[in-house]
1. Just to be sure I understand the model, the point goes 7 Å from the Cα along the line to the Cβ. What's the resulting residue A:277 to residue B:31 distance in nm?
2. For a footprinting-style exposure proxy, rank A:226, B:71 by other Cβ within 10 Å, fewest first.
3. Which percentage, to the nearest 5, of the DSSP beta bridges contained in the protein assembly as shown is antiparallel?
4. For chain A, take the longest principal axis of its alpha carbons; what is the angle in degrees between that and the long axis of helix A:2-11, to the nearest 10 within 0 to 90?
5. Relative to the longest principal axis of the C-alpha atoms of chain A, give the angle of the C-alpha long axis of helix A:44-54, reported between 0 and 90° and rounded to the nearest 10°.
6. Between residue A:141 and residue A:10, take the C-beta separation as r, use R0 = 51 Å, and let me know the FRET efficiency to the nearest 0.05.
7. Please work out how much length the chain gains when fully extended from residue A:53 to residue A:37, using 0.36 nm per residue of separation minus the C-alpha to C-alpha distance, in nm with one decimal.
8. How far apart, in nm, are two points set 7 Å out from the Cα along the Cα-to-Cβ line at residue A:230 and at residue A:178?
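Just so you know, all these numbers are worked out from the coordinates, no wet-lab data involved. Being a predicted model, the structure only gives us computed values, none of them experimental. Every residue, glycine among them, receives a Cβ derived from its backbone with ideal geometry; neighbour counts consider all protein chains shown.
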């Protein structure tokens, strides 16, 4: 903190912006990682301070730091599984999470921690007691509150530099395209099959990929759909032939460990698609059965 | 003539799993649809069928050593 103060006094308020690289460098310190290598890091407190004094957002400061090979300490354990360039890409991305129940709640927290720069969160529902067995955003203290309010609170608690757009409404054919505006990718965390088809159509219209998953009891499935892919019809059959909007979950319920595992699989796929612009799960379905347990990858085409 | 297949039924279909499902004996030339019927699985629940990790249909004919998986529609989140 003292270093940052000194830098600001030296450069003067008017020259702050052009001297941000030097200020960041002066505020950084060397950290020796468990493998013995050294990294320049900068603390949350210092990036917040520099952001406040310079009028730049926290996210902009984080990106500026990374561009100079200074890692915000909050992301140091993302390295080197993610490169600094990867971290910048994630910070510059917007992910739209549709549905904030079991899958959505876990997805929101994981993506906030890894450092997605902007999120759109959508759910028209409120929490009730039956959500407590698996939905990480629900607690005994927020029953009857909107799921978007809980998501907002969680994201800001975990990573307050994230820009959030929240919609406490149900996605339908009317509003779907508008809700996906500016998103780089959509994450399907919905709780019924029909709504998934609505999201798929909107994502295709918006020209963005989507990661889709569903769970029931000890089982779950996940796939990745790009605008030109046949997508959900390969999994559920054509939309017009759907005999029911819900599946095996009506009988088996939803278990917390299946939900958090499948949500993690969704997050891994989202991050890889943002970084690599492709996915090995296109036209494939990964089926998880935690009873036996097995993971199977099915070729849908 | 009979053949042996490795059968795995998922989620709500697990209750239809026969004994020794990893070496389930069926008549040669049996289709998935016939087997589904024999096991008492409601046809509309046999939504996703895969043989040796490739998507198949009720009309697909099973061969000796095939691994058959049947998955019902799943929509929870």
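1. 4.5 nm
2. Fewest-to-most ranking of A:226, B:71: A:226, B:71.
3. 55 percent
4. The answer is roughly 70 degrees.
5. Once rounded, one gets 70 degrees.
6. The formula returns an efficiency of 0.60 here.
7. Length difference between fully extended and current span is 2.6 nm.
8. So the two model labels end up 3.4 nm from each other.
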